[in-house]
Amino acid sequence: MASIDSLGIQGDIVTPSSPSYHESIKRRSDTSVLQPSYIVYPTVADDISLALRFALSQTPPLEIAVKGGGCHASVASSSQGGLVIDLSRLNAVKVSNDKKTVAVQGGAVWGDVYSELEKHELVAVGGNVWFVGVGGLITGGGYSFLSGEYGLAVDNLLGATVALADGRIVKCNEKEEPDLFWAIRGGGNQFGIVTEFVLKTYPARGPALVGGLAYPGTELGNVLKVVQDFLKKRTPNNKINIAFGRPPPHFKPAVMVVPYFEGTESETSSIIAPFRTEITPVSDRIGIAPTCNAVSHGADAMLASVPPRALLRGALFSDLWDEMAMQVFEEWVRYTDNEETRATMIMWELGYGGKIAKVGVEETAFPVRDPHYYLIVQARHTSPESDAPARAFATKIAGIVNDFNEQKTGKKLATPANFAIGPDVESVQEVYGVNLERLRKVKAKYDPKKVWSKGWVIEPASE
Ligand SMILES: Cc1cc2nc3c(=O)[nH]c(=O)nc-3n(C[C@H](O)[C@H](O)[C@H](O)COP(=O)(O)OP(=O)(O)OC[C@H]3O[C@@H](n4cnc5c(N)ncnc54)[C@H](O)[C@@H]3O)c2cc1C
């Protein structure tokens, strides 16, 4: 059997004996690290086909994992003993001549995209944090600070190039391979490796009022009153997050209000005013960021010194009910009342959902198109022994939110893969929701042998 080095792969190949192996298996969270036998860094799309052929020709075939930005807290981008295709060297970003679209290679991170677009005074609908991967975020749906006006990242995807399980590399869009194009817009990693995304661009945004106002946790009820007033009046380009965190030096429970209000200082001062006058912040760090790029980069500093083990679990909800927020707060206070878990945060993302809801739930594979907000549990700790309690905590919080939603609206909203913990926690049905049956048919067409076997694996439909 041919060795991997003899196949003509142009990119680097790393194995456990390579000096860079330990660097190569690192992920954003230590919980995602496994020990693969091979890591291939494609530099051209054909490298992917060669790596695939090699992995599948082994006896038994090697498990194949694909890494984009390496941010999903599961082990979806890693493999124990298998072959990892690390897309990080496929990170070119090219703006079209007419400036209406941008072609982004599948291993880019959002910082690559925003930096290039900034040179052209453009922006695209993408992640809020610089280092998050374009590949995972888009194939999972993709919420952005621009979603209020432009919808999800998948709603702004015009076409893609995909390396399929059989080694072919195909283009897909509304006309070519339309089923594949539908499936990669929310169906995750189950249909192929996207080597290039073509995204709509928009004129550059900014400035925006960003930063954080912090209040003692005991003020949560009053903060919610001001937030509820804001939500009644806000416009699509004004978004607010509420965060529960324990800031140093005292690590007492605090409620943070994190605005993203587009406009200059004078244009946004009346919108932020109630957060300063009707309630009294103990810390006021609000300022004007010039561009989206600066905003996405701003989060890096905050996330640079967090504990190494992280878990992200989201839950979608239709309205911000005060009792729900209070119950989550109490659970979070209890869970974080020790040094090991006190970096754990809860983020309530209260963006304008109208534009997301303008797309029909069957138009793309993304499973939720009811107007909604979402909550993110960012559980962080240092010891592997805290992994199980962190999962239990995140699952409990998501359960509270899901139950409230069901009681108040009669609807159980799906948990998109990007906001789920792992296939041992959430079911395939919970993640793909109403679109699962069609996804099973598309899986049968493009990956009947389940080569893409990481994450929430879709069972191909039988004829
Ligand atoms: C700090 C932080 C901030 C976040 N902010 C946002 C946000 O603003 N909006 C939002 O919607 N989500 C956000 N998320 C969630 C994020 O979208 C998911 O974690 C996503 O899976 C990350 O993608 P990745 O490429 O970095 O991760 P990876 O772990 O590399 O990949 C995740 C999954 O996608 C697959 N994949 C990656 N690239 C490709 C590709 N090119 N083709 C096919 N499959 C691919 C992988 O195989 C894996 O299954 C955030 C997460 C973190 C940790």
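The values are calculated or read from the model by the stated rules, or taken from the named source; none is laboratory data. Just so it is clear, the model here is predicted, and its values are computed rather than measured. For neighbour counting, all protein chains shown are included, and Cβ atoms are generated from backbone atoms with ideal geometry for every residue, glycine included.
Within the span defined as the stretch 156-178, every residue fails to be assigned to a loop (DSSP other than H, G, I, E, B) and either surrounded by 24 or more Cβ atoms within 10 Å (Cβ to Cβ) or near the ligand (Cβ under 8 Å from one of its atoms) (or both).
Scanning the stretch 374-390 finds one or more residues that are over 22 Å from Pro307 (Cβ atoms) and either among the hydrophobic types (A, V, I, L, M, F, W, C) or not in a helix (DSSP H, G or I) (or both). Taking the listed residues Thr291, Thr336, the one that is within 24 Å of Asn238 (Cβ to Cβ) and of a type outside the set (A, V, I, L, M, F, W, C) is Thr291, with no other qualifying. Just one of the listed residues (Glu385, Glu331, Glu340) is under 22 Å from Val75 (Cα atoms), more than 16 Å from the ligand (Cβ to nearest atom) and either buried (at least 20 other Cβ atoms within 10 Å of the Cβ) or among the charged types (D, E, K, R) (or both), and it is Glu385. Evaluate the following for Asp47: is it over 28 Å from Asp387 (Cβ atoms), crowded, with 21+ Cβ neighbours inside 10 Å and touching a residue at least 12 places away in the same chain (Cβ under 8 Å)? The answer is yes for Asp47. A Cβ distance below 6 Å, combined with a sequence gap of six or more or placement on separate chains, defines the contacts here; from the stretch 63-91, residues that are in the same structural domain as Lys26 (by TED's automatic domain parsing) reach residues that are among the acidic types (Asp, Glu) and assigned to a loop (DSSP other than H, G, I, E, B) in the pairs Ser79/Glu63; Gly82/Glu63.
Residues in the stretch 262-315 that are surrounded by 13 or more Cβ atoms within 10 Å (Cβ to Cβ), within 16 Å of the ligand (Cβ to nearest atom) and part of a helix (DSSP H, G or I): Cys292, Asn293, Ala294, Val295, Ser296, His297, Gly298, Ala299, Leu303.
The listed residues are Gly354, Gly455, Gly422, and the only one of them that is in a loop (DSSP other than H, G, I, E, B) and farther than 19 Å from Gly140 by Cβ turns out to be Gly354.
Residues that are at pLDDT below 95, outside any helix (DSSP H, G or I), assigned by TED's automatic domain parsing to the domain that holds Arg246 and touching a Gly at 6+ places or on another chain (Cβ under 9 Å) are absent from the stretch 317-338 altogether. Picking from residues in the stretch 343-355 that are surrounded by 15 or more Cβ atoms within 10 Å (Cβ to Cβ) and modelled with pLDDT under 95, the one that is farthest from Ala310 (Cα to Cα) is Lys355.
Put simply, of Val377, Val451 the only residue that is within 14 Å of the ligand (Cβ to nearest atom) and in the same structural domain as Pro236 (by TED's automatic domain parsing) is Val377.
For Val401, indicate whether it is away from the ligand (no atom under 14 Å from the Cβ), modelled with pLDDT of 95 or more, under 17 Å from Tyr432 (Cβ atoms) and assigned by TED's automatic domain parsing to the domain that holds Met326. Answer is no for this residue.
Taking the stretch 134-155 only, how many residues are within 9 Å of the ligand (Cβ to nearest atom) and either farther than 18 Å from Val359 by Cβ or part of a helix (DSSP H, G or I) (or both)?
9
When only residues in the stretch 190-209 that are part of a strand (DSSP E or B) and touching a Phe, Trp or Tyr at 6+ places or on another chain (Cβ under 6 Å) count, which is surrounded by the most Cβ atoms within 10 Å (Cβ to Cβ)? Looking at the filtered set, the residue picked out is Ala208.
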